[in-house]
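Derivation of every value follows stated rules applied to the coordinates shown; laboratory data play no part. Everything numeric in this text was worked out from a predicted model, so none of it was measured. Here Cβ is always computed from backbone atoms with ideal geometry, including for glycine, and neighbour counts include all displayed protein chains.
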Amino acid sequence: MREDLLSELDREYEQRRFANEQTEMDRRKTIQTRFPEIEQLVLQRENLIHGTIRQMLAGNANGQDLPERMQEVNQKIREALCRAGLPEDYLSPVYTCPICRDTGYVGEPVREPCSCLKEAYSRKLRESIGLTGDRKESFEHFDEQLIPDSVLPDIGITQRKLAIMARDACARWAEAWPDAGYRDVLINGESGLGKTFLIRAMADRLISRGKQVLVISAYQFVQLARKSFFESDDSMDELMNVPVLMIDDLGSEPMMKSITVEQMFNLLNERQESSRSTVISTNLTLKELRERYTERIVSRLNNPHTCLMITLAGQDLRTIER
Ligand SMILES: [Zn+2]
């Protein structure tokens, strides 16, 4: 688990506990000011507990009847709350997660992360690498029924079959990485054929295997490249160093020729020289990529020995009426 995310979560859990304590105090105040009858019962319960403890310490009682008497007064409190039109747990401790009582951990003496913390961590991890919080974009959610089963004349197989082949190749790559046989992946196809889905599903598979990934859009790439160029800061460092970098929708970004091309070349070059993987999706053909990004860059990708080439074709899935 990543330390930076865990300390962020620690702070969030602390805020959560604080907010819940505030709610408890506000509720108690409401009872004190507006429901004196219930307040009397609450005080009676407190006296019962404190009184019994005092007597036990003095050796005058063994506290055996305490649970029964507590149950009685609790029942009276619940009934009074209901009569007042309030929920019967109105005065109970407020927990967002009753399992760990908002500590994030369970178990004694071995402390383990609560399921709520694991879930929050996974959401945060996904967001930190450019994915959405939920896991809709994963191979498990690939629905071939949404893809037309009509033959693509140029290719000779159906759009669905082509998409399934692409899914399988991408899933195999993400499952086997870094021993996937190909260092890089280039996913090509027009808009609306599922390129982004494949990229995100690959990232999902990699992070569930504990691998480090970063997903950015080509637009975000240009923004970082420009920032790094004009401000000479380290905004490109993470892009250079992350073991798997995924750039979605290359070709959709605004072009600043001297900066974008140069930075893209440096990025790909440095990543390839240090054997890091880059996954790119684009709606441009190789010819269009060459025109936009020069042969120097395209030749970095267009290598059948090091780059897995995936092509999608057919009808825009977003325009299909269901
Ligand atoms: Zn919990």
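Brief remarks follow.
- At R0 = 41 Å, FRET efficiency that the Cβ-Cβ distance of Glu190 and Tyr95 yields, to 0.05: 0.25
- Nitroxide proxy distance, nm - points 7 Å out along Cα→Cβ at Arg69 and Gln220: 6.2 nm
- In Hz, Karplus ³J(HN,Hα) per residue of segment 143-152 (6.51, -1.76, 1.60; θ = phi - 60°; x = Gly, Pro): 10, 5, 5, 7, 9, x, 9, 9, 5, 8
- Largest-first principal axis extents of the Cα set of segment 133-319 (Å): 50, 37, 32
- With a Förster radius of 51 Å applied to the beta-carbon distance between Met25 and Ser208, the computed FRET efficiency rounds to 0.80.
- Two-decimal log10 I(q)/I(0) for the chain, as the Debye equation yields it once each C-alpha is a single scatterer, q = 0.06, 0.07, 0.10 Å⁻¹: -0.39, -0.49, -0.73
- Residue-averaged [θ]222 nm for the chain, counting only DSSP H segments that reach four residues, each worth -39500 (n - 2.57): -17500 deg cm²/dmol
- Least to most buried among Ser228, Ser252, Ser7 (fewest other Cβ within 10 Å first): Ser7, Ser252, Ser228
- Sequence-separation-based contact order of the chain, relative, with Cα cut under 8 Å and 6+ spacing, percent: 17 percent
- With kT/(6 pi eta Rh) evaluated at 20 °C and eta = 1.002 mPa s, and Rh the Kirkwood radius from Cα pairs, segment 85-238 diffuses with a coefficient of 111 µm²/s according to Stokes-Einstein.
- Distance between modelled label sites at Asp10 and Glu144, nm, 7 Å Cα→Cβ extension: 4.8 nm
- Judged by a Cβ-Cβ distance under 4.7 Å, the unpaired cysteines of the chain are Cys82, Cys170, Cys307.
- Both radii are taken from the alpha-carbon atoms of segment 1-141; with Rh as the Kirkwood radius, Rg/Rh is 1.13.
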